[in-house]
Amino acid sequence: MRVYVPLTLPGLAEAHKTGELGPGPLSAYAVTPGLREWYVSDDIEELEYAALSRAAAASLRLLAGAPEAARRRVVVAVDVRDQDAVADPDRVLDASALGEVRIADAVPLSKAAAVHVDADDAVADVTAAVDALGAADHGDDDAQFTVDGAEDHELLWYGVQEIPNIVG
């Protein structure tokens, strides 16, 4: 199963240094039954893009808790065994948990298929989105518009072999 692990650039640097994403448990996003039902599509590429987008939103939240991190969302696409990515059955109907899975243990970086990172031109919008998260969470429509603005930026695709250049 392909899962999308949200990170920050310092988190990616640490994974590169240690050779693994972890320690577990890890939060990730995948094409779950709940995501399929919400997205209403049978196109696996569209569904995987939706899971990637959910992970990018989670990366934004990680950035909010990491003031020293560069304001670029990071998502690592990793292949794990289906039984290793478990959705919380108590949160199936929770809209904020759509596509969310837990992976109990660290995942070797060698299982990564790709890395997705914001381009430099996204930094201003991602910074504004991070700053607006709290207000958006409390129902401020203008703040939510700012948070949604980060989603206007497509994450760039990088091969795993490019990680040293990304974090360097």
Give the range 95-131 a look and list any residue that's within 20 Å of D84 (Cβ to Cβ) and either outside any strand (DSSP E or B) or more than 16 Å from the chain's Cα centre (by Cα) (or both), or say none.
A97, L98, G99, A104, D105, A106, P108, L109, S110, K111
From the list A58, A77, exactly one residue is under 24 Å from E37 (Cβ atoms), part of a helix (DSSP H, G or I) and in contact (Cβ under 8 Å) with a residue 40 or more places away in the chain. Which is it?
A58
Name the residues in the range 26-49 that are surrounded by 13 or more Cβ atoms within 10 Å (Cβ to Cβ) and either outside any helix (DSSP H, G or I) or among the hydroxyl-bearing types (S, T, Y) (or both), would you?
L26, S27, A28, Y29, A30, V31, T32, Y39, S41, Y49
Qualifying position, being small (G, A, S) and either closer than 23 Å to G19 by Cα or touching a Pro at 6+ places or on another chain (Cβ under 9 Å) (or both), among A64, A97, A77, A122:
A77
Which one of the conditions (1) more than 26 Å from D137 (Cα to Cα); (2) open to solvent by less than 70 Å² (accessible area, probe 1.4 Å) does K17 fail to meet, given that it meets all the rest?
(2)
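Looking at the range 128-137, can you tell me whether even one residue there is among the charged types (D, E, K, R), at pLDDT 95 or above and more than 20 Å from Y4 (Cα to Cα)? Give the steps one after another, and end with the answer.
Kept after step one, since they are among the charged types (D, E, K, R), are these residues of the range 128-137: 131, 137.
Adding the requirement that they be at pLDDT 95 or above leaves 131.
Still in the running and more than 20 Å from Y4 (Cα to Cα): 131.
There is at least one residue in the range 128-137 that is among the charged types (D, E, K, R), at pLDDT 95 or above and more than 20 Å from Y4 (Cα to Cα).
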Would you point out which residue out of G159, G168, G134, G139 is at positive phi and loosely packed, with under 15 Cβ neighbours inside 10 Å?
G139
How many residues are without any contact (Cβ under 8 Å) to a residue 40 or more places away in the chain and either of a type in the set (A, V, I, L, M, F, W, C) or surrounded by 19 or more Cβ atoms within 10 Å (Cβ to Cβ) (or both) when one looks only at the range 85-118?
1
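The values are calculated or read from the model by the stated rules, or taken from the named source; none is laboratory data. Remember, predicted model here, so these are calculated numbers, not experimental data. Methodologically, a virtual Cβ is constructed for each residue, glycine included, from the backbone with ideal geometry; neighbour enumeration extends over all protein chains shown. What goes into the accessible areas is simple: the full protein's heavy atoms, side chains included, and nothing from ligands, DNA or RNA. Shrake-Rupley method; radii C 1.70, N 1.55, O 1.52, S 1.80 Å.
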